[in-house]
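Every read-out reported here was derived from the displayed coordinates using simple, explicitly stated rules and does not represent laboratory data. All figures in this text were calculated on a predicted structure; none of them were measured in a lab. Heads up, the Cβs are rebuilt from the backbone with ideal geometry, glycines too, and the neighbour counts pull from every protein chain shown.
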Amino acid sequence: MSAIIYDARGNEIRVGYPDTVTNETVTDPRPITAVLSALNAEIIMDLNGACTAYFDVRNTAANMTLSFEGTIDNVNYIALPAFTISGNVAGTLTSEVYILNVSIATTIVSVYAVGVTGFRRIRIRVSTFASGSVTVAARASSADLIIYKKPIPTTLHVSVTAAVNTGATATLGAVAGLFHYITRVELIKLYSVVGIAAGAGVIITTTNLPGGPSFTTEQIASVAGTATKVIDLNYAGNPLRSLVAGAATTFVAGAQLQTIWRWNVSYYVGL
């Protein structure tokens, strides 16, 4: 076995990585985990030229927010985006999304990667705290962060219809700590009997979407049984993310004479 070399400060110097074979492990007595259970509790890594940092975050009961932060001067920390390699937050599976913070309402079993090229240190810090604790394992690598493609989280769907002369609201239910990623929005109106013409159309509104988009549809004397597609939006290539995490997102069509509304909204949830 080769002699162990130490630097002037007593740190073990490691040169390269040994090849390994089946069932061989390398013992390293240094701790790689920390338990965070208070406001501003943190786990810190000196990067020493590392390019990527990885964090494994687990708990059984907690209510807190974790923030990913890096520093160049060892004094001032800034928020860094973390890539979710595999995540289960409060029972909801997420993956392949970039985040700055992790909001934990109950449980979490997740792994994150952060590109840290050029930074001196990186940390996970408890930025808000209510209760519980999390165990965080940390490790840095000299390899660059490479994002690979895999299937997106399971697509969910909401379909809502209403009686004639009645408004219809499609609601994407709130999931603690998670955003809605909307891939498709469709609104169809069906004239139950001959439509009644009116000068003012109906305003279709939304909540919890960036910019608060709304739409206008006409009200005309259409033939009974006429179905018209009012909204047909496809965000499959670049999903529309809700404005606030952990809140419901709604699509609201008010009552229109002789009209039956139907909403179809496809989405998934993520960090």
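In this rough spin-label picture, where each label sits 7 Å from Cα along the Cβ direction, the Glu24-Thr169 distance is 6.4 nm.
Three semi-axes describe the equivalent ellipsoid of segment 156-270; taken as square roots of 5 times the Cα gyration tensor eigenvalues and ordered largest first, they are 28, 12, 12 Å.
Footprinting exposure proxy ranking of Arg120, Arg241, fewest other C-beta atoms within 10 angstrom first, gives Arg120, Arg241. Note on Leu39/Ser192: beta-carbon distance plugged into 1/(1 + (r/R0)^6) with R0 of 51 Å gives a FRET efficiency of 0.35.
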